[in-house]
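The values are calculated or read from the model by the stated rules, or taken from the named source; none is laboratory data. Just so you know, these numbers come straight off a predicted model, no measurement behind them. Every residue, glycine among them, receives a Cβ derived from its backbone with ideal geometry; neighbour counts consider all protein chains shown.
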Amino acid sequence: MWSGPRNISTALMRAWENRDDCVVWDEPLYGYYLDATGIQHPGAAEVIADQGIDANAIIARCIGDIPDDKKIFYQKHMTLHLLPELDRSWLSSLVNCFLIREPEAVIASYAAVRNDATLEDIGFIQQAELFDQVLRISGEVPLVIDSREFLLDPRGMLEAVCDRLKIEFVPAMLNWPKGARDSDGVWARHWYDSVWNSTGFAAYREKDYQLSTKDARISLQARPYYEELFQHRLRP
């Protein structure tokens with residue numbers, strides 16, 4: 001699942017982890033990304049130490065045997081972590097899905113944790129490029145999930161996602177125990193408060209986002225990339 005930051009990516013990871021037949025991996029390439037770019041995120045040194053920086057070894061695990069004898073390996077990836085210098089051929093070994101969210105919502109949420117975001121930080125350009133690459137590799141339009149439409153009907157969307165992936169829908173995906181998980185990345189204390197306090201998908205609420213001039217400019221720059229993928233979104 002390829003997402004940008006401040007989406008419902010962690011909640012969606014919770015849903016899949018609540019299946020008995022699924023194991024999840026939280027942002028495998030985060031440590032590599034932070035080390036390679038030198039970008040300062042909250043707890044960066046801890047993330048690097050925990051995740052490691054050997055991208056080739058991490059990718060080998062992504063396409064290797066599914067851990068814990070499970071049937072499904074759900075990987076939550078951030079599009080910006082897949083830096084341009086990394087080979088993309090390994091993507092053909094996976095089923096690649098894309099999780100999108102309106103840029104105004106993303107930048108407003110991101111600024112609450114890290115207030116010096118750039119267009120590259122929120123992953124829209126990278127997501128559109130990766131979508132095109134996966135399309136070329138697979139010859140098929142990848143699955144795209146819009147978070148707003150998902151939250152308007154979580155069950156219907158999950159059923160449609162499972163149907164598209166030829167996986168049985170499990171009602172347990174709709175609810176999960178409150179609190180942290182061992183599978184959460186070490187960065188969770190900086191970013192996952194709302195998920196830790198959740199027991200399911202929050203109902204969608206329309207918001208009027210008040211953005212700074214700089215953030216409004218970034219959201220406008222990101223919108224064409226969002227709209228490119230939005231036209232391919234899953235519609236049950």
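What number of residues within the range 51-80 satisfy the criterion of being among the hydrophobic types (A, V, I, L, M, F, W, C) and touching a residue at least 40 places away in the same chain (Cβ under 8 Å)? Lay out the reasoning, then the answer.
Step one: filter the range 51-80 for residues among the hydrophobic types (A, V, I, L, M, F, W, C), giving 53, 55, 57-60, 62-63, 66, 72-73, 78, 80.
Okay, now just the ones that are also touching a residue at least 40 places away in the same chain (Cβ under 8 Å), so 66, 72-73, 78, 80.
So the answer is 5.
What's the total number of residues in the range 58-87 that are within 17 Å of Gly185 (Cβ to Cβ) and out of contact with any Phe, Trp or Tyr (no Cβ under 6 Å at 6 or more places or on another chain)?
Here the count works out to 9.
Of everything in the range 224-236 that's charged (D, E, K, R) and surrounded by 15 or more Cβ atoms within 10 Å (Cβ to Cβ), which residue is farthest from the chain's Cα centre (by Cα)?
Looking only at the range 224-236, we keep the residues that are charged (D, E, K, R), and these are 227-228, 233, 235.
So of that shortlist, the ones also surrounded by 15 or more Cβ atoms within 10 Å (Cβ to Cβ) come out as 228, 233.
Values: Glu228: 17, Arg233: 15 Å.
So the residue we want is Glu228.
Taking the residues in the range 157-196 that are basic (Lys, Arg) and either modelled with pLDDT under 95 or farther than 18 Å from Cys97 by Cα (or both) as candidates, determine which candidate is surrounded by the most Cβ atoms within 10 Å (Cβ to Cβ). Write out each step before concluding.
Initially, the range 157-196 is screened for residues basic (Lys, Arg), giving 164, 166, 178, 181, 189.
Pick out the ones that are also either modelled with pLDDT under 95 or farther than 18 Å from Cys97 by Cα (or both) and you get 178, 181, 189.
Numbers: Lys178: 11, Arg181: 18, Arg189: 14.
The extreme case among them is Arg181.
Could you please give the count of residues in the range 131-156 that are under 18 Å from Glu102 (Cα atoms) and either under 17 Å from the mean Cα position of the chain (by Cα) or of a type outside the set (D, E, K, R) (or both)?
Kept after step one, since they are under 18 Å from Glu102 (Cα atoms), are these residues of the range 131-156: 131, 143-154.
Filter once more, keeping what is either under 17 Å from the mean Cα position of the chain (by Cα) or of a type outside the set (D, E, K, R) (or both): 131, 143-152, 154.
Counting residues in the range 131-156 that are under 18 Å from Glu102 (Cα atoms) and either under 17 Å from the mean Cα position of the chain (by Cα) or of a type outside the set (D, E, K, R) (or both) gives 12.
Taking helices (runs of 4 or more DSSP H) that do not extend beyond the range 144-236, which have at least 2 residues that are more than 16 Å from Thr10 (Cβ to Cβ) and touching a Pro at 6+ places or on another chain (Cβ under 7 Å)? Show your work before the answer.
Values: elements: 147-152, 154-165, 188-191, 193-196, 213-230.
Counting at least 2 such residues, we get 154-165, 213-230.
For a quick check of your reading of the model, give me the residue pairs whose first member lies in the range 81-101 and is among the charged types (D, E, K, R), whose second is assigned to a loop (DSSP other than H, G, I, E, B), with beta-carbon atoms closer than 9 Å and at least 6 apart or on different chains.
Arg88/Leu82; Arg101/Gly4; Arg101/Arg6; Arg101/Asn7; Arg101/Ile8
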